[in-house]
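The values are calculated or read from the model by the stated rules, or taken from the named source; none is laboratory data. None of these values were measured; they are calculated from a predicted model. Positions of Cβ are backbone-derived with ideal geometry, glycine not excepted, and every protein chain shown enters the neighbour counts. Calculation scope for accessible area: heavy atoms of the full protein, side chains included, ligands and nucleic acids excluded. Shrake-Rupley method; radii C 1.70, N 1.55, O 1.52, S 1.80 Å.
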Amino acid sequence: MTSTLTISHLTKAFGGVKALSDVSLAVEPGERVALLGHNGAGKSTLMKVILGLIAPDGGEISVCGAAPGKARSKVAYLPENAAFHSALTGLEQITYYMRLRGEAASGAMELLDRVGLGHAAKRRIGTYSKGMRQRVGLAQALIGHPRLLVLDEPTSGLDPVSRRDFYELLDGLAADGASILLSSHALTEVEARTDRLLILSGGRMVAEGSLPELRREAALPVSMQITALNGYDTDIMAALPDAIRLNGGLHLSCTQEDKLATLARISAMQEKVADLEVIPPSLEDIYSHFSRRDGQ
Amino acid sequence: MIARILATAVTEAHIARRNRWVLIAVALMVVFSLVLSAAGSAPTGALGADRLSVVVASLTSLSVYLVPLVALLMSFDAVAGEVERGTLPLLLTYPVARWEVLAGKLLAHTAILIVAIVAGYGVAAAITIAADPAAVSGLGALWRLTWTSVLLGATFIGIGYALSSLARRVSGAAGLAIGLWLGLVVLYDLGLLAAVVADDGGFFTTDVFPAALLANPADAFRLFNLTASQATAAASGVGGAAATIPLWQSLLSILIWPLVSLALAALAFRKVEP
Ligand SMILES: Nc1ncnc2c1ncn2[C@@H]1O[C@H](COP(=O)(O)OP(=O)(O)O)[C@@H](O)[C@H]1O
Ligand SMILES: [Mg+2]
């Protein structure tokens, strides 16, 4: 089976600003890929190039076997901060989009129900909250059976419950073979719900892989927080020369490989230790490790 | 294709209805037509024409201002509004051609304009015929005024779309639309008149002036309707050389202008980067 989306050596500059430099990636059918990056990393630009809204300066792109913008009936898009005409009702807006895709408009109400907007379908979009507008955007991206969904910060403005519902929707679509490319600026949001992560930084692809792969590659130190029994902290510090005093306790960091050996040394001093906490590198730590901009 | 154009037209009609444009357009046309027909049904007798033809002549002078204004008011937001709201990028990722989007908007806006024109002229005709049943002989002139008004409106709707695409901001598009309306409908004639007076029957009056009248869709509209009812001199105020322009030339201008303005609109819209 061929990839739904392949990009090789894509470059795009706005004036002097390099928004994308030599970006290559592929998304397979049924795969959920998260595109991560700080503000201005180039996520939205990459998506607009894929959709054919912006012409690239160089590189090759194939979307569902065609050039960008040439396979529009197979591609769905959710723009960042999805906007709609405030005078239309949710139902009218979705009906319009269904007709443009050649779908029977009778399914519009069902679609709005699917994203939890059934109760507000006949109200003007001007009266919707940001989260509700985001759901209208989501509903329109589900119209027809898109082979590729390009979702720009789809969960921004959604509360945690809606966010979970959203990822459940995605699971269903991916199970049907649709490819999903979604962007976010927070790794914590997408971690467990995507198959692969891509990290963009300053227009460059700086990391790619599943979360365990990235965790291994980043090789960030593990922190340990030791609370000594009364008076024993100097003994412990003598035994662990790397430890420093922090917030009234002892703080120690070590590499993944040294983790077990260090733990063994601490447990050898059992009678002097009141408590021990092992803190693995957080998702944000891993993310900022990769997305640090050059020179920082 | 047809389904996508119709879907766009229906959506635009919803928007126009909610934004009260339908109401505003109809109210403007009806109120001004009422005022004119009230004034026009005072006995004139001078032209030997029926009362309805006299009303049609004054409606022509009114429509030259009002129809382009209503058309521009409905159309200046069409593209700039989508750009400013941020709805255009999403729309352009749908399997719909840009010209289909414009065609859908045109369909809706023209339909609203037709409703307004028919309501306005209809009221004027009803009042006039009620006052003087012999006025039915002027119905031909009224019909001519109606379809040419629709074409004039379509021309200015197209111009509105083109300006809207060029401006890309709603405020800019509104400014351009007002400026263009003033220029083409008001200042253009004043300028020509001044030039004709200064020229005093020279080359400008005989050669440039007729061409200049035909080149302006609003002037061609007025010329066609007044020439067709042999009232040029009476109501145009320009008289003279205008009377010598054959009917087919102003007709041609009226027929070609909508095509030109819509082609310009499509070209300008194609250049808009979302
Ligand atoms: N239309 C544009 N004109 C000029 N610069 C742009 C344009 N769009 C994006 N950029 C620049 O390109 C870079 C990437 O932007 P963007 O793709 O929006 O980032 P992200 O979505 O990751 O926050 C930024 O430096 C931004 O300022
Ligand atoms: Mg963005």
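Data overview
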item: Enumeration of residues in the range A:146-194 that are modelled with pLDDT under 90, under 15 Å from the mean Cα position of the chain (by Cα) and in a loop (DSSP other than H, G, I, E, B); result: A:Thr155, A:Ser156, A:Gly157, A:Leu158, A:His185, A:Ala186, A:Thr194
item: Flag for A:Glu208 being assigned to a helix (DSSP H, G or I) and out of contact with any Gly (no Cβ under 8 Å at 6 or more places or on another chain); result: no
item: Tally, over the range A:38-63, of residues that are more than 21 Å from A:Ser201 (Cα to Cα) and away from chain B (no Cβ under 12 Å); result: 1
item: Sole residue being within 14 Å of another protein chain (Cβ to nearest Cβ), open to solvent by 50 Å² or more (accessible area, probe 1.4 Å) and not hydrophobic (A, V, I, L, M, F, W, C), chosen from B:Arg144, B:Arg168, B:Arg85; result: B:Arg85
item: Exclusive hit being within 13 Å of ligand 2 (Cβ to nearest atom) and either under 14 Å from the mean Cα position of the chain (by Cα) or of a type outside the set (Asp, Glu) (or both), set A:Gly42, A:Gly58; result: A:Gly42
item: Counted residues, the range A:176-201 - those being of a type outside the set (A, V, I, L, M, F, W, C), more than 12 Å from ligand 1 (Cβ to nearest atom) and in contact with a strand residue (DSSP E or B) (Cβ under 9 Å, 6 or more places away or on another chain); result: 7
item: Candidate set from the range A:166-203 (those that are surrounded by fewer than 19 Cβ atoms within 10 Å (Cβ to Cβ) and within 16 Å of ligand 2 (Cβ to nearest atom)); member that is farthest from the other protein chains (Cβ to nearest Cβ); result: A:Ala186
item: Search result, residues across the range A:83-102 that are more than 7 Å from chain B (Cβ to nearest Cβ), small (Gly, Ala, Ser) and surrounded by 18 or more Cβ atoms within 10 Å (Cβ to Cβ); result: A:Gly90
item: Residue in the range B:109-125 that is of a type outside the set (Phe, Trp, Tyr), under 21 Å from B:Ala7 (Cα atoms) and within 14 Å of another protein chain (Cβ to nearest Cβ) present; result: no
item: Long-range neighbours under 7 Å by Cβ, at least six apart or interchain, first residue part of a helix (DSSP H, G or I) within the range A:45-59, second among the hydroxyl-bearing types (Ser, Thr, Tyr); result: A:Met47/A:Ser183; A:Leu51/A:Tyr77; A:Leu51/B:Thr93
item: Residues within the range A:103-141 that are in contact (Cβ under 8 Å) with a residue 40 or more places away in the chain, open to solvent by 20 Å² or more (accessible area, probe 1.4 Å) and polar (S, T, N, Q), tallied; result: 0
item: Exclusive hit being part of a helix (DSSP H, G or I) and within 30 Å of A:Pro68 (Cβ to Cβ), set B:Gly120, B:Gly104; result: B:Gly104
item: Within the range A:13-39, tally of residues that are more than 16 Å from A:Leu198 (Cβ to Cβ) and either within 13 Å of ligand 2 (Cβ to nearest atom) or in contact (Cβ under 8 Å) with a residue 40 or more places away in the chain (or both); result: 5
item: Top-ranked residue of the range A:75-107 - restricted to ones that are at pLDDT below 95 and in a helix (DSSP H, G or I), ranked as farthest from ligand 1 (Cβ to nearest atom); result: A:Ser106
item: Within the range B:64-82, tally of residues that are open to solvent by 10 Å² or more (accessible area, probe 1.4 Å) and within 10 Å of chain A (Cβ to nearest Cβ); result: 1
item: Cβ-Cβ under 9 Å pairs, at least 6 apart or on other chains, the range B:4-16 side facing chain A (nearest Cβ under 7 Å) and closer than 12 Å to A:Thr95 by Cβ, far side hydroxyl-bearing (Ser, Thr, Tyr) and in a helix (DSSP H, G or I); result: B:Ala7/A:Thr95; B:Ala7/A:Tyr96; B:Ala7/A:Tyr97; B:Thr11/A:Thr95; B:Thr11/A:Tyr96; B:His14/A:Tyr96
item: Residue count, the range B:177-208 (criterion: among the hydroxyl-bearing types (Ser, Thr, Tyr) and either open to solvent by less than 40 Å² (accessible area, probe 1.4 Å) or in contact with a His (Cβ under 9 Å, 6 or more places away or on another chain) (or both)); result: 1
item: Residue within the range A:117-131 that is more than 16 Å from ligand 2 (Cβ to nearest atom), over 30 Å from B:Ala80 (Cβ atoms) and outside the structural domain of A:Lys48 (by TED's automatic domain parsing) present; result: yes
item: Near pairs, Cβ below 9 angstrom, 6+ apart or cross-chain, from the range A:158-183 (more than 23 Å from A:Ser62 (Cα to Cα)) to any residue that is open to solvent by 50 Å² or more (accessible area, probe 1.4 Å) and of a type in the set (A, V, I, L, M, F, W, C); result: A:Tyr167/A:Ala192
item: Residue count, the range A:142-164 (criterion: crowded, with 20+ Cβ neighbours inside 10 Å and either within 16 Å of ligand 2 (Cβ to nearest atom) or more than 19 Å from B:Leu91 (Cβ to Cβ) (or both)); result: 7
item: Among residues of the range A:121-137, those that are away from chain B (no Cβ under 12 Å), under 19 Å from A:Asn81 (Cβ atoms) and in contact with a strand residue (DSSP E or B) (Cβ under 9 Å, 6 or more places away or on another chain), counted; result: 1
